[in-house]
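The values are calculated or read from the model by the stated rules, or taken from the named source; none is laboratory data. Everything quoted here is computed from the prediction, not taken from an experiment. Cβ sites come from the backbone with ideal geometry, for glycine too, and all protein chains shown count toward neighbours.
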Amino acid sequence: MSISANIAAARSRIAAACAQAGRDPGEVELLAVSKTHPAAAIREARAAGCCRFGESRPQELRDKAVELAGADVDWVAIGHLQTNKAKLVAERAQEFQALDSLALAEALDRRLQTLGRRLAVLVQVNSSGEAAKGGFAPDAVADAVAQLAHCDALDVRGLMTLAVHSDDEAAVRACFATMTDLQARLRDAHGGGFDTLSMGMSGDFELAIACGSTCVRLGTLLFGARPPAPVGP
Ligand SMILES: *Cc1c(COP(=O)(O)O)cnc(C)c1O
């Protein structure tokens with residue numbers, strides 16, 4: 001199937017999941033995860049109506065932003081970011097979904113202040129508790145959010161997670177439920193906000209929508225399989 005047909009199919013699955021959950025499909029963004037895929041694939045997705053693209057690696061995001069300057073797309077950084085690469089994201093991204101340390105927040109904030117830019121951010125939460133996953137532990141998020149208040153160039157919009165990768169639906173659902181619960185508690189404490197809940201990927205987005213996701217990050221489903229990730233640091 002073509003990318004545009006894949007996008008249409010994904011949109012109808014999102015709409016069906018929303019209908020089943022009694023939600024308005026306008027509440028759920030389809031974020032096209034274009035990592036590893038070429039600029040031509042992004043142009044095709046843009047023509048099919050996607051205007052925000054998720055990239056994991058900062059150099060790749062930068063290179064694509066340069067190549068696609070003028071294509072009227074926004075860049076969303078979704079992968080773990082080392083502090084020494086903060087500049088690449090500060091310069092090019094409209095949103096960063098993987099904020100997982102205060103040191104990184106401060107590095108981004110400094111760069112953004114220098115550039116005179118702002119950045120929407122989501123705080124990444126390790127909802128599965130797996131050692132290999134990034135993000136703040138759920139019980140550390142409230143403190144982290146409080147400390148982010150002094151990063152003036154960051155607009156904290158909500159939370160992001162990767163659920164456990166498992167066939168056990170209850171285990172996946174538990175990760176998503178942790179997030180909805182956390183979002184509700186943050187809203188209570190801050191009198192609102194934290195509207196974005198980025199959760200759900202190609203294998204689990206329908207369940208994520210049932211649990212309250214407002215942004216599903218779809219790569220494989222739209223663009224096909226990626227080459228295996230390189231092994232090593
Ligand atoms: C790669 C990636 C995705 C997309 O995963 P698919 O299973 O290909 O849909 C979503 N979120 C993050 C953070 C990713 O790194």
Residue tally, condition surrounded by fewer than 24 Cβ atoms within 10 Å (Cβ to Cβ) and within 9 Å of the ligand (Cβ to nearest atom), over region 195-216: 5
Single residue of Leu182, Leu207, Leu186, Leu197 found to be assigned to a helix (DSSP H, G or I), closer than 30 Å to Pro38 by Cα and out of contact with any His (no Cβ under 6 Å at 6 or more places or on another chain): Leu207
Residue, surrounded by the fewest Cβ atoms within 10 Å (Cβ to Cβ), within region 159-171, restricted to residues that are within 16 Å of the ligand (Cβ to nearest atom) and touching a residue at least 12 places away in the same chain (Cβ under 8 Å): His165
From the options Leu104, Leu61, Leu81, residue that is within 16 Å of the ligand (Cβ to nearest atom), part of a loop (DSSP other than H, G, I, E, B), of a type in the set (A, V, I, L, M) and modelled with pLDDT of 95 or more: Leu81
Single condition Gly116 does not satisfy, out of (1) of a type outside the set (A, V, I, L, M); (2) within 15 Å of the ligand (Cβ to nearest atom); (3) on the phi > 0 side of the Ramachandran plot: (2)
Hits in region 64-78 (condition: part of a helix (DSSP H, G or I) and either within 15 Å of the ligand (Cβ to nearest atom) or within 17 Å of the chain's Cα centre (by Cα) (or both)): Lys64
Qualifying residue in region 172-190 (condition: within 12 Å of the ligand (Cβ to nearest atom), over 16 Å from the mean Cα position of the chain (by Cα) and either under 26 Å from Ile42 (Cα atoms) or touching a residue at least 12 places away in the same chain (Cβ under 8 Å) (or both)): no
